[in-house]
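Below: one structure, written as structure tokens.
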Amino acid sequence: AFALSVCSSPPSAPWLCACLPSPGCVRRTISLGAGDRQVIQTPINDSLPVSSCSVALLFRQLGITNVLYLFCAALTEHKILFLSSSYQRLTDACRALLALMFPLKYSFTYVPILPAQLLEVLSTPTPFIIGVHSIFQSETQELLDVVIADLDGGTVNVPECVHISLLPEPLLQQTREALSMVSTAASPHLQAWGSTGADKEIRAVFLRLFAQLLQGYRWCLHIIRIHPEPVIRFHKAAFLGQRGLTEDDFLTKVLEGMAFAGFVTERGAPYRAIDLFDELVAYEVKRMRAEEGNKQKILRHIKELAEKLYKNENPYPAVTMHKVQKPTEGCHLRLHQKPFPRLDEGTVQWIIDQATAKLQTAPPAVKAEKKCMVPSGPPIAAILERNGNALANSARRLEVVRNCISYVFENKMLEAKKLFPAVLRAMKGRAARHCLTQELNLHVQQNRAVLDHQQFDFVVRMMNCCLQDCTAMDEHGIAAALLPLVTAFCRKLGPGITQFAYSCVQEHVVWTNIQFWEAMFYCDVQNHIRALYLDSNEENHTEEVSWWCQGGVRAAAWKQPP
């Protein structure tokens with residue numbers, strides 16, 4: 001990007017920089033004079049960051065442990081300050097940290113080289129990634145909440161008052177081992193490829209990390225259609241609950257951060273152009289799990305990803321890139337050097353006007369994006385590891401729950417009482433609670449919602465037992481699944497007097513969460529809109545699949561959020 005101001009008023013901002021050539025286009029050869037030839041090429045996919053060899057240099061300067069601390073600090077929105085006596089190192093380090101965060105994009109203050117006059121910016125209360133020359137190191141000693149990375153000394157200083165949440169296990173250990181495998185010392189084959197190859201292999205490790213960390217995220221995207229334009233919302237509670245990470249501090253902070261909000265906005269659309277990360281999440285997660293800790297398989301997969309990243313940055317690697325004449329020896333010692341000629345303001349303005357007119361009439365030379373339906377990949381339940389013994393025990397508990405409910409609705413109360421204590425114990429497990437909601441739902445669809453007194457008491461006790469372990473987040477969707485059921489099951493107390501189940505299950509914390517009621521309302525709207533565009537067969541299938549969402553608006557009548 002070049003800018004030239006020769007008149008009293010500076011040029012407008014759009015003309016200060018230009019992208020040459022447009023992303024995805026062929027290379028361009030330019031000449032700045034003196035017989036030089038310089039080739040410019042942009043990456044094939046501009047959504048992938050360009051890092052050259054900056055990531056490998058950052059690891060070489062700070063080491064694996066320190067970079068992982070910086071990586072986690074950036075994702076959890078801490079203040080990060082780089083110090084170095086080299087402006088090039090500062091720029092490369094800041095760029096490398098952002099490249100490691102892909103597919104997330106940093107959303108706060110980002111200044112690779114901070115001028116001395118703006119050092120007071122370091123006292124801002126908001127997160128940042130900033131680079132400062134080491135001669136101003138004394139000015140940073142009073143910063144008590146800033147993580148400081150000294151690129152020259154290879155150290156990272158984390159203040160005592162700052163707690164950095166690290167990656168959950170076993171991902172943290174797996175990432176350390178993968179980085180050790182692709183480091184220059186552990187992988188001699190990298191020496192032939194150079195720093196750029198090492199850079200791409202390190203980035204491939206972090207790309208695999210994000211694919212495992214966010215696997216199944218598309219199954220937790222909900223569409224809100226109450227606005228003129230649909231809004232895509234991420235169901236954080238469902239994602240954490242299904243992954244079993246509700247107590248994980250790191251992932252919770254990441255999902256609540258600005259970077260992930262931008263990720264959902266940018267990548268939540270179901271029909272758009274896809275990139276390497278989308279393919280990795282959809283198709284490669286099973287392959288990662290099949291590696292089973294085999295270092296050779298892991299390294300082979302990392303090298304394949306690294307090759308794709310390298311080809312994206314270097315579409316034409318075999319082309320001779322630059323031909324620039326070097327200045328002669330002693331040219332800087334010449335006494336009689338011609339001064340740069342004075343530019344004529346009128347001529348320069350005429351050239352700018354001509355170029356502006358040409359740009360306005362010329363069609364945009366942008367490669368058309370190939371849009372498609374974004375693959376969702378396997379659901380979270382199909383990804384998580386299962387233990388054979390646990391499955392067998394769970395199957396027995398689910399069978400007990402089904403038998404007890406069948407006895408209740410068949411009015412075999414003696415058999416139901418025998419199984420009831422075992423059912424209450426089984427309700428501690430998530431699978432048994434889901435089984436209860438499914439079985440009750442089947443009886444509602446069979447128009448068996450009006451119960452006698454004994455049946456009603458049994459059903460209400462099971463519902464209360466099911467809800468007592470639900471948190472306000474309802475991360476497993478149990479309360480959402482029960483919501484239409486508590487408005488359906490009822491008993492007759494007298495002529496014209498009907499008691500519904502919702503009157504007996506109101507003492508639970510989940511009903512006080514306004515986000516729960518919002519989610520139910522959005523889901524109810526979505527189901528009604530889908531019903532307008534589906535034929536009868538698809539509509540019946542939709543009712544079976546998403547029954548848990550129905551009744552959200554009706555149920556809001558008996559329990560208003562505070």
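The values are calculated or read from the model by the stated rules, or taken from the named source; none is laboratory data. Bear in mind the structure is a predicted one, so any value in this text is a computation, not a measurement. Using ideal geometry, Cβ is built from the backbone for each residue, glycine included, and neighbour counts are taken over all protein chains shown.
Selection of the stretch 525-536 for residues being in contact with a strand residue (DSSP E or B) (Cβ under 9 Å, 6 or more places away or on another chain) and modelled with pLDDT under 80 yields only GLN526.
Contact annotation: residue pairs with Cβ atoms under 9 Å, 6 or more positions apart or on different chains, pairing a residue in the stretch 104-117 that is under 20 Å from THR76 (Cβ atoms) and in contact (Cβ under 8 Å) with a residue 40 or more places away in the chain with a partner that is surrounded by fewer than 16 Cβ atoms within 10 Å (Cβ to Cβ) and of a type in the set (Asp, Glu), are LYS105/GLU266. Taken over the stretch 480-510, the residue count meeting the criterion of being assigned to a helix (DSSP H, G or I), within 15 Å of GLU439 (Cα to Cα) and out of contact with any Gly (no Cβ under 9 Å at 6 or more places or on another chain) is 2.
Whenever a residue of the stretch 493-509 is within 15 Å of ALA449 (Cβ to Cβ), its partners that are among the hydroxyl-bearing types (Ser, Thr, Tyr), lying with C-beta atoms within less than 8 angstrom and at least six residues away or across chains, give the pairs PHE500/THR487; ALA501/THR487; TYR502/THR487.
In the set (1) under 25 Å from PHE108 (Cβ atoms); (2) outside any helix (DSSP H, G or I); (3) modelled with pLDDT of 85 or more, the condition left unmet by ARG272 is number (1). Looking at LEU305, LEU299, LEU276, which is the one that is closer than 20 Å to VAL55 by Cα and out of contact with any Lys or Arg (no Cβ under 8 Å at 6 or more places or on another chain)? On inspection, the qualifying residue turns out to be LEU299.
Can you find a residue in the stretch 224-246 that is in a loop (DSSP other than H, G, I, E, B), at pLDDT below 85 and touching a Pro at 6+ places or on another chain (Cβ under 7 Å)? Yes; the residues of the stretch 224-246 include at least one that is in a loop (DSSP other than H, G, I, E, B), at pLDDT below 85 and touching a Pro at 6+ places or on another chain (Cβ under 7 Å). Residue-level check: of (1) under 11 Å from the mean Cα position of the chain (by Cα); (2) closer than 28 Å to ARG95 by Cβ; (3) in a helix (DSSP H, G or I); (4) touching a residue at least 60 places away in the same chain (Cβ under 8 Å), LEU255 misses just (4).
Number of residues in the stretch 128-149 that are out of contact with any His (no Cβ under 6 Å at 6 or more places or on another chain) and under 21 Å from PHE108 (Cα atoms): the value is 13. Restricting THR437, THR487 to those that are hydroxyl-bearing (Ser, Thr, Tyr), under 20 Å from GLY241 (Cβ atoms) and crowded, with 16+ Cβ neighbours inside 10 Å reduces the list to THR437. Every residue in the stretch 125-139 that is hydroxyl-bearing (Ser, Thr, Tyr) and more than 26 Å from the chain's Cα centre (by Cα), please. Residues satisfying the conditions are SER134, SER138. Within the stretch 501-524, the residues that satisfy the criterion of being in contact with a strand residue (DSSP E or B) (Cβ under 8 Å, 6 or more places away or on another chain) and modelled with pLDDT under 85 are ALA519, TYR522, CYS523. Scanning the stretch 82-109 for residues that are buried (at least 20 other Cβ atoms within 10 Å of the Cβ) and part of a strand (DSSP E or B) gives PHE82, LEU83, SER84.
Within the stretch 140-158, how many residues turn out to be of a type in the set (Gly, Ala, Ser) and more than 29 Å from the chain's Cα centre (by Cα)? Number of matching residues: 2. Which of (1) in contact (Cβ under 8 Å) with a residue 24 or more places away in the chain; (2) surrounded by 14 or more Cβ atoms within 10 Å (Cβ to Cβ) does VAL121 not meet, given it meets every other one? In the conditions (1) in contact (Cβ under 8 Å) with a residue 24 or more places away in the chain; (2) surrounded by 14 or more Cβ atoms within 10 Å (Cβ to Cβ), VAL121 misses (1) alone. Scanning the stretch 451-479 for residues that are out of contact with any strand residue (DSSP E or B) (no Cβ under 7 Å at 6 or more places or on another chain), of a type outside the set (A, V, I, L, M, F, W, C) and not in a helix (DSSP H, G or I) yields a count of 7. The residues in the stretch 425-439 that are touching a helix residue (DSSP H, G or I) at 6+ places or on another chain (Cβ under 6 Å) and modelled with pLDDT of 85 or more can be counted, and the count is 8.
Condition check for HIS453 on (1) modelled with pLDDT under 85; (2) out of contact with any Phe, Trp or Tyr (no Cβ under 9 Å at 6 or more places or on another chain): one failure, at (1). Can we say LEU48 is in a loop (DSSP other than H, G, I, E, B), out of contact with any helix residue (DSSP H, G or I) (no Cβ under 8 Å at 6 or more places or on another chain) and either modelled with pLDDT of 90 or more or of a type in the set (A, V, I, L, M) (or both)? Against the criterion (in a loop (DSSP other than H, G, I, E, B), out of contact with any helix residue (DSSP H, G or I) (no Cβ under 8 Å at 6 or more places or on another chain) and either modelled with pLDDT of 90 or more or of a type in the set (A, V, I, L, M) (or both)), LEU48 does not qualify.
Of all residues in the stretch 45-59, those that are of a type in the set (Asp, Glu) have Cβ atoms under 7 Å from Cβ atoms of residues that are not in a helix (DSSP H, G or I), 6 or more apart or on another chain, in ASP46/PRO23. Filtering the stretch 502-509 for residues that are more than 32 Å from the chain's Cα centre (by Cα), β-branched (Val, Ile, Thr), surrounded by fewer than 17 Cβ atoms within 10 Å (Cβ to Cβ) and under 24 Å from VAL459 (Cα atoms) leaves an empty set.
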